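The values are calculated or read from the model by the stated rules, or taken from the named source; none is laboratory data. What you see is a predicted model; the values in this text were computed from it and never measured. All Cβ positions, even for glycine, are placed from backbone atoms using ideal geometry, and neighbour counts span all protein chains on display. For accessibility, only protein heavy atoms count, side chains too; no ligands or nucleic acids. Shrake-Rupley method; radii C 1.70, N 1.55, O 1.52, S 1.80 Å.
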Amino acid sequence: MNRKYRKTIIAGNWKMNKTASETAAFADEIAPMLPKKPECEIVICLPALNIAAAQKAMRGTKIRVGAETMHEAASGAFTGEIAAGMLADMGVKYVIIGHSERRQYYNETDLSVNKKVRAALDAGLVPIVCVGESLEQRELGVTTELLDYQVSAALSGVTAKELRHVVIAYEPIWAIGTGKTATAEQAQEVCANIRALLRRKNDARTARAVSILYGGSMNAKNAAELLAQPDIDGGLIGGASLKPADFTKIIEAAAQG
Ligand code: 13P
(Lines give C-alpha, C1' and ligand atoms only; values in the text may rest on other atoms or scores of the structure.)
Protein backbone atom coordinates (compact mmCIF):
# COMPACT_ATOMS: atom_id res chain seq x y z
CA MET A 1 0.00 0.00 0.00
CA ASN A 2 0.99 3.56 -0.40
CA ARG A 3 -1.75 5.78 0.98
CA LYS A 4 0.14 8.92 0.12
CA TYR A 5 -0.31 8.43 -3.61
CA ARG A 6 -3.31 6.17 -4.08
CA LYS A 7 -6.44 4.71 -2.54
CA THR A 8 -6.48 1.45 -0.66
CA ILE A 9 -9.51 -0.54 -1.79
CA ILE A 10 -10.99 -3.64 -0.21
CA ALA A 11 -13.51 -5.00 -2.67
CA GLY A 12 -15.70 -8.07 -2.38
CA ASN A 13 -16.78 -10.01 -5.44
CA TRP A 14 -19.84 -11.96 -4.49
CA LYS A 15 -20.10 -13.71 -7.85
CA MET A 16 -23.46 -15.55 -8.10
CA ASN A 17 -24.14 -15.63 -4.37
CA LYS A 18 -26.79 -14.26 -1.98
CA THR A 19 -30.40 -13.32 -2.65
CA ALA A 20 -31.67 -9.81 -1.94
CA SER A 21 -32.84 -10.86 1.52
CA GLU A 22 -29.52 -12.55 2.28
CA THR A 23 -27.83 -9.34 1.17
CA ALA A 24 -29.92 -7.34 3.64
CA ALA A 25 -29.07 -9.82 6.41
CA PHE A 26 -25.36 -9.45 5.58
CA ALA A 27 -25.66 -5.66 5.81
CA ASP A 28 -27.35 -5.87 9.21
CA GLU A 29 -24.67 -8.20 10.50
CA ILE A 30 -21.63 -6.34 9.20
CA ALA A 31 -22.79 -2.77 9.96
CA PRO A 32 -21.85 -2.77 13.68
CA MET A 33 -18.55 -4.58 12.99
CA LEU A 34 -17.11 -2.08 10.53
CA PRO A 35 -14.59 0.51 11.66
CA LYS A 36 -16.20 3.94 12.07
CA LYS A 37 -13.51 5.58 9.96
CA PRO A 38 -12.10 2.94 7.66
CA GLU A 39 -8.66 3.57 6.20
CA CYS A 40 -9.78 2.20 2.88
CA GLU A 41 -12.54 2.32 0.33
CA ILE A 42 -14.89 -0.62 0.92
CA VAL A 43 -16.75 -2.02 -2.06
CA ILE A 44 -18.94 -5.05 -2.60
CA CYS A 45 -19.60 -6.02 -6.20
CA LEU A 46 -22.70 -8.16 -6.42
CA PRO A 47 -25.29 -9.42 -8.91
CA ALA A 48 -26.92 -6.53 -10.78
CA LEU A 49 -30.38 -7.76 -9.83
CA ASN A 50 -29.61 -7.07 -6.17
CA ILE A 51 -27.85 -3.73 -6.51
CA ALA A 52 -30.87 -1.63 -5.53
CA ALA A 53 -31.64 -3.82 -2.51
CA ALA A 54 -28.00 -3.77 -1.48
CA GLN A 55 -27.77 0.01 -1.76
CA LYS A 56 -30.80 0.32 0.48
CA ALA A 57 -29.54 -2.24 2.99
CA MET A 58 -26.03 -0.79 3.13
CA ARG A 59 -27.06 2.84 3.42
CA GLY A 60 -25.44 4.25 6.52
CA THR A 61 -22.48 1.89 6.26
CA LYS A 62 -19.28 2.85 4.44
CA ILE A 63 -19.80 0.07 1.90
CA ARG A 64 -20.19 1.07 -1.72
CA VAL A 65 -22.15 -1.30 -3.91
CA GLY A 66 -20.52 -2.19 -7.23
CA ALA A 67 -21.30 -4.41 -10.23
CA GLU A 68 -19.65 -7.60 -11.43
CA THR A 69 -19.82 -7.04 -15.18
CA MET A 70 -21.47 -4.92 -17.86
CA HIS A 71 -21.96 -4.84 -21.63
CA GLU A 72 -19.74 -2.75 -23.85
CA ALA A 73 -22.55 -1.15 -25.86
CA ALA A 74 -24.35 1.94 -24.60
CA SER A 75 -27.76 0.39 -25.40
CA GLY A 76 -29.40 -1.87 -27.95
CA ALA A 77 -30.59 -5.36 -28.76
CA PHE A 78 -28.55 -7.38 -26.26
CA THR A 79 -31.11 -9.43 -24.37
CA GLY A 80 -30.22 -9.95 -20.74
CA GLU A 81 -27.35 -7.48 -20.69
CA ILE A 82 -26.73 -4.34 -18.63
CA ALA A 83 -25.14 -1.13 -19.90
CA ALA A 84 -22.65 1.10 -18.10
CA GLY A 85 -25.08 4.02 -18.17
CA MET A 86 -27.68 1.96 -16.30
CA LEU A 87 -25.18 1.26 -13.53
CA ALA A 88 -24.07 4.89 -13.37
CA ASP A 89 -27.69 6.01 -13.17
CA MET A 90 -28.16 3.79 -10.10
CA GLY A 91 -25.27 5.54 -8.39
CA VAL A 92 -22.84 2.69 -8.94
CA LYS A 93 -19.18 3.69 -9.13
CA TYR A 94 -17.18 0.46 -9.45
CA VAL A 95 -17.64 -2.35 -11.96
CA ILE A 96 -15.48 -5.45 -12.30
CA ILE A 97 -14.39 -6.04 -15.88
CA GLY A 98 -12.73 -9.08 -17.43
CA HIS A 99 -12.85 -11.38 -14.43
CA SER A 100 -11.23 -14.71 -15.34
CA GLU A 101 -14.59 -16.45 -14.86
CA ARG A 102 -16.12 -14.13 -17.48
CA ARG A 103 -13.18 -14.79 -19.79
CA GLN A 104 -13.43 -18.55 -19.25
CA TYR A 105 -17.20 -19.13 -19.25
CA TYR A 106 -18.55 -16.23 -21.32
CA ASN A 107 -15.87 -15.87 -23.96
CA GLU A 108 -14.72 -12.42 -22.89
CA THR A 109 -11.59 -11.56 -24.80
CA ASP A 110 -8.90 -8.92 -24.45
CA LEU A 111 -10.75 -6.99 -27.15
CA SER A 112 -14.13 -7.09 -25.39
CA VAL A 113 -12.45 -6.22 -22.10
CA ASN A 114 -10.91 -3.18 -23.77
CA LYS A 115 -14.30 -2.14 -25.18
CA LYS A 116 -15.89 -2.51 -21.76
CA VAL A 117 -13.18 -0.42 -20.11
CA ARG A 118 -13.85 2.31 -22.68
CA ALA A 119 -17.62 2.11 -22.11
CA ALA A 120 -17.20 2.18 -18.32
CA LEU A 121 -14.95 5.24 -18.43
CA ASP A 122 -17.28 7.01 -20.85
CA ALA A 123 -20.16 6.45 -18.40
CA GLY A 124 -18.11 7.79 -15.48
CA LEU A 125 -17.64 4.40 -13.83
CA VAL A 126 -14.39 3.12 -12.32
CA PRO A 127 -13.53 -0.23 -13.93
CA ILE A 128 -11.76 -2.83 -11.79
CA VAL A 129 -9.89 -4.57 -14.58
CA CYS A 130 -8.93 -8.17 -13.84
CA VAL A 131 -5.81 -9.78 -15.24
CA GLY A 132 -3.91 -12.91 -14.30
CA GLU A 133 -2.08 -15.98 -15.52
CA SER A 134 -3.01 -19.66 -15.45
CA LEU A 135 -0.85 -22.22 -13.68
CA GLU A 136 0.46 -23.41 -17.03
CA GLN A 137 1.48 -19.90 -18.02
CA ARG A 138 3.23 -19.38 -14.68
CA GLU A 139 5.10 -22.66 -15.03
CA LEU A 140 6.14 -21.72 -18.56
CA GLY A 141 7.73 -18.57 -17.13
CA VAL A 142 5.69 -16.15 -19.25
CA THR A 143 3.77 -14.40 -16.46
CA THR A 144 5.40 -10.99 -16.95
CA GLU A 145 4.98 -11.02 -20.72
CA LEU A 146 1.40 -12.22 -20.46
CA LEU A 147 0.42 -9.64 -17.85
CA ASP A 148 2.11 -6.87 -19.83
CA TYR A 149 0.03 -7.92 -22.81
CA GLN A 150 -3.24 -8.27 -20.87
CA VAL A 151 -2.87 -4.88 -19.19
CA SER A 152 -1.76 -3.18 -22.43
CA ALA A 153 -4.69 -4.68 -24.32
CA ALA A 154 -7.27 -3.84 -21.66
CA LEU A 155 -6.03 -0.25 -21.47
CA SER A 156 -5.45 0.36 -25.16
CA GLY A 157 -6.62 3.89 -25.97
CA VAL A 158 -6.96 4.89 -22.30
CA THR A 159 -5.25 8.22 -21.64
CA ALA A 160 -3.03 8.94 -18.63
CA LYS A 161 -5.76 11.17 -17.23
CA GLU A 162 -8.34 8.42 -17.57
CA LEU A 163 -6.00 5.87 -16.03
CA ARG A 164 -6.42 7.63 -12.69
CA HIS A 165 -10.01 6.34 -12.78
CA VAL A 166 -9.00 2.74 -13.41
CA VAL A 167 -8.28 0.06 -10.82
CA ILE A 168 -6.33 -3.06 -11.77
CA ALA A 169 -6.82 -6.39 -10.03
CA TYR A 170 -4.12 -9.02 -10.35
CA GLU A 171 -5.85 -12.36 -9.92
CA PRO A 172 -3.73 -15.41 -10.71
CA ILE A 173 -6.26 -17.94 -12.02
CA TRP A 174 -4.66 -20.79 -10.07
CA ALA A 175 -5.31 -18.92 -6.82
CA ILE A 176 -9.02 -18.18 -7.36
CA GLY A 177 -11.30 -20.27 -5.18
CA THR A 178 -8.57 -22.85 -4.67
CA GLY A 179 -7.33 -21.88 -1.23
CA LYS A 180 -3.88 -21.49 -2.85
CA THR A 181 -2.81 -17.89 -2.37
CA ALA A 182 0.10 -16.37 -4.24
CA THR A 183 2.86 -15.66 -1.76
CA ALA A 184 3.23 -12.03 -0.81
CA GLU A 185 6.49 -11.96 -2.81
CA GLN A 186 4.88 -13.45 -5.92
CA ALA A 187 1.94 -11.04 -5.76
CA GLN A 188 4.19 -8.04 -5.07
CA GLU A 189 6.46 -8.93 -7.97
CA VAL A 190 3.60 -9.02 -10.46
CA CYS A 191 1.91 -5.88 -9.09
CA ALA A 192 5.25 -4.02 -9.24
CA ASN A 193 5.72 -5.17 -12.84
CA ILE A 194 2.24 -3.91 -13.72
CA ARG A 195 3.06 -0.54 -12.18
CA ALA A 196 6.36 -0.45 -14.08
CA LEU A 197 4.44 -1.06 -17.31
CA LEU A 198 2.03 1.80 -16.49
CA ARG A 199 5.08 4.01 -15.87
CA ARG A 200 6.68 3.08 -19.20
CA LYS A 201 3.45 3.65 -21.11
CA ASN A 202 2.45 6.82 -19.26
CA ASP A 203 4.51 8.56 -16.61
CA ALA A 204 5.64 8.04 -13.03
CA ARG A 205 3.00 10.27 -11.46
CA THR A 206 0.17 8.47 -13.21
CA ALA A 207 1.61 5.02 -12.43
CA ARG A 208 1.91 5.77 -8.74
CA ALA A 209 -1.70 6.99 -8.60
CA VAL A 210 -3.23 3.73 -9.81
CA SER A 211 -4.52 1.28 -7.21
CA ILE A 212 -3.51 -2.31 -7.97
CA LEU A 213 -5.36 -5.01 -6.03
CA TYR A 214 -4.52 -8.64 -5.42
CA GLY A 215 -7.21 -11.32 -5.66
CA GLY A 216 -7.15 -15.08 -5.20
CA SER A 217 -7.96 -16.81 -1.92
CA MET A 218 -7.28 -13.68 0.11
CA ASN A 219 -8.65 -14.23 3.61
CA ALA A 220 -8.61 -12.95 7.17
CA LYS A 221 -5.33 -14.76 7.86
CA ASN A 222 -3.20 -13.86 4.85
CA ALA A 223 -4.53 -10.36 4.10
CA ALA A 224 -2.15 -8.41 6.33
CA GLU A 225 0.99 -9.81 4.73
CA LEU A 226 -0.30 -9.26 1.20
CA LEU A 227 -1.52 -5.74 1.96
CA ALA A 228 1.82 -4.82 3.54
CA GLN A 229 3.49 -5.06 0.12
CA PRO A 230 4.32 -1.67 -1.40
CA ASP A 231 2.57 -2.26 -4.74
CA ILE A 232 -0.51 -4.11 -3.45
CA ASP A 233 -3.16 -1.50 -2.75
CA GLY A 234 -5.98 -3.71 -1.65
CA GLY A 235 -7.83 -6.89 -2.39
CA LEU A 236 -10.53 -8.32 -4.60
CA ILE A 237 -12.03 -10.97 -2.40
CA GLY A 238 -14.41 -13.76 -3.34
CA GLY A 239 -15.28 -16.38 -0.72
CA ALA A 240 -14.12 -14.43 2.34
CA SER A 241 -16.22 -11.39 1.37
CA LEU A 242 -19.40 -13.40 1.88
CA LYS A 243 -18.74 -13.69 5.61
CA PRO A 244 -19.12 -10.47 7.64
CA ALA A 245 -16.47 -11.40 10.25
CA ASP A 246 -13.86 -12.41 7.67
CA PHE A 247 -14.47 -9.43 5.41
CA THR A 248 -14.23 -7.10 8.41
CA LYS A 249 -10.89 -8.64 9.41
CA ILE A 250 -9.53 -7.95 5.93
CA ILE A 251 -10.73 -4.33 6.16
CA GLU A 252 -8.96 -4.07 9.52
CA ALA A 253 -5.80 -5.53 8.01
CA ALA A 254 -5.88 -2.73 5.44
CA ALA A 255 -5.68 -0.21 8.26
CA GLN A 256 -2.36 -1.59 9.46
CA GLY A 257 -0.13 -1.26 6.43
P1 13P B 1 -11.61 -16.15 -3.96
O2 13P B 1 -11.26 -15.07 -2.96
O3 13P B 1 -12.82 -16.93 -3.58
O4 13P B 1 -10.43 -16.99 -4.31
O5 13P B 1 -12.03 -15.39 -5.32
C6 13P B 1 -11.20 -14.41 -5.80
C7 13P B 1 -11.88 -13.72 -6.91
O8 13P B 1 -12.13 -14.29 -7.96
C9 13P B 1 -12.25 -12.32 -6.71
O10 13P B 1 -12.64 -11.73 -7.90
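At a glance:
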| item | result |
| --- | --- |
| Peptide ranges 81-93, 229-241 listed from the most packed, as the mean C-beta count within 10 angstrom indicates | 229-241, 81-93 |
| Values of log10 I(q)/I(0), in the order q = 0.12, 0.15, 0.21, 0.23 Å⁻¹, for the range 17-104 under a Debye, Cα-only, solvent-free model | -0.40, -0.61, -1.05, -1.18 |
| Calculated on alpha-carbon atoms, Rg and Dmax of the range 153-206 in Å | 13.2, 37 |
| Partner lysines for residue 36 [C-alpha distance under 29 Å; skip if fewer than 8 residues away on the same chain] | 4, 7, 15, 18, 56, 62, 93, 221, 243, 249 |
| Mean projected area in nm² (Cα convex hull; one quarter of hull surface) for the range 174-228 | 4.0 |
| Largest-first principal axis extents, alpha carbons of the range 53-112, Å | 38, 26, 16 |
| Approximate shape of the range 145-257 as ellipsoid semi-axes (Cα gyration tensor, √5λ), whole Å, largest first | 25, 15, 12 |
| Carbon/sulfur fraction of accessible area - the chain, other protein chains in place, 1.4 Å, % | 52 |
| Cross-link partners of residue 180 among aspartates and glutamates (Cα-Cα below 19 Å; sequence separation of 8 or more within a chain) | 101, 133, 136, 139, 171, 189, 225, 246 |
| Stokes-Einstein D (µm²/s) once Rh is taken as the Kirkwood radius of the range 115-197 over alpha-carbon pairs, at 10 °C in 1.306 mPa s | 117 |
| Rg in Å to one decimal, and Dmax rounded to a whole Å, for the chain via C-alpha atoms | 16.9, 48 |
